[in-house]
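The values are calculated or read from the model by the stated rules, or taken from the named source; none is laboratory data. Keep in mind it's a predicted model, so treat the numbers as computed, not measured. Every residue, glycine as well, gets a Cβ built from its backbone with ideal geometry; the counts of neighbours run over all protein chains shown. SASA here: full protein model, heavy atoms, side chains in, ligands and nucleic acids out. Shrake-Rupley method; radii C 1.70, N 1.55, O 1.52, S 1.80 Å.
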There are 2 protein chains.
Amino acid sequence: MTDGLSSQTPRSDLQVSCSKLERSRLELKLSYFQPKSWSSNPHCSACVEIAWNSALSDDGERRDRPLFIRSVPLLKPHHRLAILLHDGIRGDKGKTGLSLLRFSEAAIAAVIDRDCAGENLAELTGIPCAAPIVASVADALPYQPDVLAIGIAPTGGALPDEWQLEIRLAIAAGLSVANGLHTRLMDDPELVALLKPGQWIWDMRQEPAGLAIGTGKAKTLPCLRVLTVGTDMAIGKMSTSIALHRASQQRGMRSKFLATGQAGLMIAGDGVALDAVRVDFASGAVEQMVMQFGNEFEILHIEGQGSLLNPSSTATLPLIRGSQPTHLILVHRAGQTQLSRLADIFIPPLRDVVTLYEAVSTAAGAFPRVPVAAIALNTHHLDDVAAEEAIEQVSIETGLPCTDPIRFGAAKLLDAIL
Amino acid sequence: MTDGLSSQTPRSDLQVSCSKLERSRLELKLSYFQPKSWSSNPHCSACVEIAWNSALSDDGERRDRPLFIRSVPLLKPHHRLAILLHDGIRGDKGKTGLSLLRFSEAAIAAVIDRDCAGENLAELTGIPCAAPIVASVADALPYQPDVLAIGIAPTGGALPDEWQLEIRLAIAAGLSVANGLHTRLMDDPELVALLKPGQWIWDMRQEPAGLAIGTGKAKTLPCLRVLTVGTDMAIGKMSTSIALHRASQQRGMRSKFLATGQAGLMIAGDGVALDAVRVDFASGAVEQMVMQFGNEFEILHIEGQGSLLNPSSTATLPLIRGSQPTHLILVHRAGQTQLSRLADIFIPPLRDVVTLYEAVSTAAGAFPRVPVAAIALNTHHLDDVAAEEAIEQVSIETGLPCTDPIRFGAAKLLDAIL
């Protein structure tokens, strides 16, 4: 049984009793476990880990209580991925798959994109990856993947029939599936029936079990908490947080990247799919994630979501309130003047955006002062000379340290925090 | 069949086909309908209304498209309510039930609170309501209620076993149930099996079907959009919005109150249970609600939620982005210096809170300027003289019009908007 998983049959009626357990701490890993006793939420994660604390009660009897319940990442560095990315390399819906290509520690066996099968991946994407591009799941099988990662968000959100057939084929061929869509694949009994021992479906874009509302208590943690914020969506907040995390590790710090979206979860494992959490529990979900790691690590790099300037995503506020950041890093795309998908909304001067983020974080003094420590400038579309000029200009305009952490490394940003 | 409802059996496999329909607009009301074709979301509302638009397509064939899908309020002014409010009159968990007592247009047959059965409701609550307080659902039946409204949030969120028995008894006795808890009663097959024709369970705290992400397009509406915001949670935002709505109607305006929480939904019907919506769709849910009524009414009064100062609720941002308010009304409790449930968080000076809300709404210029037009001051705990002094003081401190809209009427607030 791969990954220590037990039987793959959905067991939504499973009840755990542990009054007889002798161990003080037990970790249960189940592939599909709905902890009915703690949550009636049908959105709860497909895979959860429960840590138990065993103690003697007043009447001398041993009682076991759940210390925490968290979703468990199923994707591991030893896996070989086939990334389902139809029309995603040239199109604009493949952000998750392209992020996986850029950052995943797992090997990429093949990329599936019917639009550019046979072409050169590195030339098309600029990402140094030698994996072949193939037209279908069937064509990917000879490259021996063991996990199919769904790396694209279909227009409208619903899964096209032809993709469903491809996913079915992948499962029938023995692959596990990492699914970052809102659509739960575990709800499809025909797919579930195909699963064999050791095979799993990870529906990661689901609300975790056992959530509570937020309280702001992350501010009591001793660690640094660095949150990326942005002038728009999809401009490099996740990449910046990962680059900062790796720079922190290189300096010997106990550092942790905490994912808040499906791409980050596939890359790093620990975190929460914030956009699948109900508003009532949004800041609480972030708080639970940060509290879980905040005593263990010196610095947490929390992946930002959305933008205070973009009406499509309001995830920024629960991220700020839940993580109680000590520092913000503002991410901007060089030269961008309007929101990319809502062109009638203009991006204000960066110094005003800095003031806005600091004002919201501090909330007129209700919370401690939180500085925007530096600007991460996405210069992907510029050559080196133009990139350096843009960075210099933003640094002068804002009076803050600035660099492109993907192109030039994140050391300058980290210096501004430490 | 009461309320035009069809059979009460859950029909989650129902598919609607309407290519043959001749009418240009058809409204379907079904008691438990999951529109699988538009949403795979298991949180969708228990009752939805679909408006169809029929048009000739290019090939000359008649096509029917859903214009909108919205949840339908099932509680109507002709109903007689029994309010389940155990320990809620003296305790602090009965906000929903007490709001119903104060504002519901439906008659109150009885209030069920085991803690103060037989006592005088008006004396205990200050709300002029002559309904008896009884100890149980069984004791309420002689007063001939036809709907049991769950007016209390149990500690921890889960429904205690004894309450479940009471709800079962109510349904068996022929009552419908208005449920504002996160827990879905329609998921309990034993309860559903007890429903007879004309009887319903309204699980209102569920995500509506057919949501999309927000775009900020509410700013194009011609109507006034007034959003209440607050220095804390549970201080009178809903009451203020209802008072403003009634004052607007008294002036002959086409006015609409839009609920965003379970109490508001029970009182007014139209709206969205925002805290049950996933973060991804939060501003979109508010936007959909506002767009649905924004061309039909001159002024929308949107019930506020949460507070930018309170880390427990981050619903304020999707409300601001989704409704694109033209005016904000800041609600504050006279003399309150700290958050009521998080006493380590101090409320900043009101003029700074005004600046914060205006800054977030305008977002450094990305959105049109939105003024805080006036302050609604909750003086429930003061006598008339002290209330007038507090109002005068806040008005001087902020330089804004101020009154207590429950005690003195909302005319002064409305004047500040018009």
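Taking the condition surrounded by fewer than 21 Cβ atoms within 10 Å (Cβ to Cβ), within 18 Å of A:Ser241 (Cβ to Cβ) and either at the interface with chain B (Cβ under 9 Å from one of its Cβ atoms) or of a type outside the set (Asp, Glu) (or both), does A:Phe293 pass? Can you show your working first?
Values: surrounded by fewer than 21 Cβ atoms within 10 Å (Cβ to Cβ): yes; within 18 Å of A:Ser241 (Cβ to Cβ): yes; either at the interface with chain B (Cβ under 9 Å from one of its Cβ atoms) or of a type outside the set (Asp, Glu) (or both): yes.
Yes; evaluated as a whole, the condition is true for this residue.
Give me the pairs: first residue in the range A:183-202 and among the acidic types (Asp, Glu), second residue at pLDDT 90 or above and surrounded by 14 or more Cβ atoms within 10 Å (Cβ to Cβ), beta-carbon distance under 6 Å, and six or more apart or on different chains, which are they?
Hits for this filter: zero, empty list.
Just to be sure I understand, how many residues within the range B:258-272 are part of a helix (DSSP H, G or I) and more than 14 Å from chain A (Cβ to nearest Cβ)? So that I can check it myself, show each step before the final result.
Let us first name the residues in the range B:258-272 that are part of a helix (DSSP H, G or I), namely B:262-268.
Filter once more, keeping what is more than 14 Å from chain A (Cβ to nearest Cβ): B:263-268.
The number of residues fulfilling the criteria is 6.
So, in the range A:361-391, exactly how many residues are within 14 Å of chain B (Cβ to nearest Cβ) and in contact with a strand residue (DSSP E or B) (Cβ under 9 Å, 6 or more places away or on another chain)? Working first, answer last.
Our first condition is that a residue be within 14 Å of chain B (Cβ to nearest Cβ); within the range A:361-391, this holds for A:361-370, A:372.
Filter once more, so that each one left must be in contact with a strand residue (DSSP E or B) (Cβ under 9 Å, 6 or more places away or on another chain): A:361, A:365-366, A:370, A:372.
Looking only at that region, the number is 5.
If I ask for residues that are surrounded by fewer than 15 Cβ atoms within 10 Å (Cβ to Cβ), modelled with pLDDT of 95 or more and not aliphatic (A, V, I, L, M), which ones from the range B:124-142 would you list?
Answer for the range B:124-142, where residues must be surrounded by fewer than 15 Cβ atoms within 10 Å (Cβ to Cβ), modelled with pLDDT of 95 or more and not aliphatic (A, V, I, L, M): just B:Pro142.
Here is a yes/no grid of residues against (1) closer than 30 Å to A:Ile299 by Cβ; (2) modelled with pLDDT of 90 or more:
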| site | (1), (2) |
| --- | --- |
| A:Ala170 | no, yes |
| A:Ala178 | yes, yes |
| A:Leu181 | no, no |
| A:Asp187 | no, no |
| A:Gln206 | yes, no |
| A:Val226 | yes, yes |
| A:Gly236 | yes, yes |
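Take the conditions open to solvent by 30 Å² or more (accessible area, probe 1.4 Å), under 28 Å from A:Ala285 (Cα atoms) and at pLDDT 95 or above and apply them to B:Gln324. Does it pass? Break it down stepwise before answering.
Working: open to solvent by 30 Å² or more (accessible area, probe 1.4 Å): no; under 28 Å from A:Ala285 (Cα atoms): yes; at pLDDT 95 or above: yes.
Criteria not met by B:Gln324.
Is the range A:92-113 home to any residue that is open to solvent by 40 Å² or more (accessible area, probe 1.4 Å) and either of a type in the set (S, T, N, Q) or without any contact (Cβ under 8 Å) to a residue 24 or more places away in the chain (or both)? Can you show your working first?
Here is the first cut: in the range A:92-113, the residues open to solvent by 40 Å² or more (accessible area, probe 1.4 Å) are A:92-93, A:95, A:98, A:102, A:105, A:107.
Cutting the leftovers down to either of a type in the set (S, T, N, Q) or without any contact (Cβ under 8 Å) to a residue 24 or more places away in the chain (or both) gives us A:92.
The answer is yes, given that some residue of the range A:92-113 is open to solvent by 40 Å² or more (accessible area, probe 1.4 Å) and either of a type in the set (S, T, N, Q) or without any contact (Cβ under 8 Å) to a residue 24 or more places away in the chain (or both).
Looking at (1) aromatic (Phe, Trp, Tyr); (2) within 20 Å of A:Arg321 (Cβ to Cβ); (3) out of contact with any strand residue (DSSP E or B) (no Cβ under 8 Å at 6 or more places or on another chain), which is the only condition B:Phe346 fails?
Unmet for B:Phe346, out of (1) aromatic (Phe, Trp, Tyr); (2) within 20 Å of A:Arg321 (Cβ to Cβ); (3) out of contact with any strand residue (DSSP E or B) (no Cβ under 8 Å at 6 or more places or on another chain): (3).
Kindly evaluate A:Ala282 against the criterion of being under 25 Å from A:Leu75 (Cβ atoms), touching a Pro at 6+ places or on another chain (Cβ under 6 Å) and at the interface with chain B (Cβ under 8 Å from one of its Cβ atoms). Even if it seems obvious, please write down each step before you answer.
Details: under 25 Å from A:Leu75 (Cβ atoms): yes; touching a Pro at 6+ places or on another chain (Cβ under 6 Å): yes; at the interface with chain B (Cβ under 8 Å from one of its Cβ atoms): yes.
Yes; evaluated as a whole, the condition is true for this residue.
Which condition breaks for B:Asp275 when tested against (1) without any contact (Cβ under 8 Å) to a residue 60 or more places away in the chain; (2) assigned to a helix (DSSP H, G or I); (3) within 14 Å of another protein chain (Cβ to nearest Cβ)?
(1)
Among the residues of the range B:161-175, is any over 26 Å from B:Lys196 (Cβ atoms) and surrounded by 16 or more Cβ atoms within 10 Å (Cβ to Cβ)?
no
What number of residues in the range A:236-255 are surrounded by 24 or more Cβ atoms within 10 Å (Cβ to Cβ) and basic (Lys, Arg)?
1
Can you pull out the residues in the range B:211-235 that are crowded, with 19+ Cβ neighbours inside 10 Å and at positive phi?
Passing the criteria: only B:Gly216.
Looking at (1) within 28 Å of A:Arg278 (Cβ to Cβ); (2) free of Cβ contacts under 8 Å to residues at least 12 places away in the same chain, can you tell me which one B:Pro311 breaks?
The number of the failed condition is (2).
Against the condition within 22 Å of the chain's Cα centre (by Cα) and buried (at least 24 other Cβ atoms within 10 Å of the Cβ), how does A:Ala82 come out, does it pass?
Values: within 22 Å of the chain's Cα centre (by Cα): yes; buried (at least 24 other Cβ atoms within 10 Å of the Cβ): yes.
Yes: the conditions hold for A:Ala82.
Which members of the range B:314-364 meet the condition of being over 30 Å from B:Leu221 (Cβ atoms) and touching a residue at least 12 places away in the same chain (Cβ under 8 Å)?
B:Arg333, B:Ala334, B:Gly335, B:Gln336, B:Leu339, B:Ser340, B:Arg341, B:Leu342, B:Ile345, B:Ile347, B:Pro348, B:Pro349
Please give the number of the condition B:Leu308 fails out of (1) modelled with pLDDT of 95 or more; (2) not in a loop (DSSP other than H, G, I, E, B).
Every listed condition holds for B:Leu308 apart from (2).
Yes/no per residue for (1) in a strand (DSSP E or B); (2) within 13 Å of chain B (Cβ to nearest Cβ); (3) more than 16 Å from A:Leu100 (Cβ to Cβ); (4) of a type in the set (Ser, Thr, Tyr):
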position	(1), (2), (3), (4)
A:Gly214	no, yes, yes, no
A:Pro222	no, no, yes, no
A:Val229	yes, yes, yes, no
A:Ile235	no, no, yes, no
A:Ser241	no, no, no, yes
A:Ala247	no, no, yes, no
A:Gly252	no, no, yes, no
A:Lys256	yes, no, yes, no
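Table: residues versus (1) surrounded by fewer than 16 Cβ atoms within 10 Å (Cβ to Cβ); (2) under 18 Å from B:Arg102 (Cβ atoms); (3) in contact with a Cys (Cβ under 8 Å, 6 or more places away or on another chain); (4) among the acidic types (Asp, Glu).
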{"site": "B:Ser361", "(1), (2), (3), (4)": "no, no, no, no"}
{"site": "B:Pro368", "(1), (2), (3), (4)": "yes, no, no, no"}
{"site": "B:Ala373", "(1), (2), (3), (4)": "no, no, no, no"}
{"site": "B:Leu377", "(1), (2), (3), (4)": "no, yes, yes, no"}
{"site": "B:Asp384", "(1), (2), (3), (4)": "yes, no, no, yes"}
{"site": "B:Val394", "(1), (2), (3), (4)": "no, no, yes, no"}
{"site": "B:Thr398", "(1), (2), (3), (4)": "no, no, no, no"}
{"site": "B:Leu414", "(1), (2), (3), (4)": "no, no, no, no"}
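With the requirement that a residue be open to solvent by 50 Å² or more (accessible area, probe 1.4 Å) and within 14 Å of chain B (Cβ to nearest Cβ), what does the range A:143-160 give you?
The answer is A:Thr155, A:Gly156, A:Ala158.
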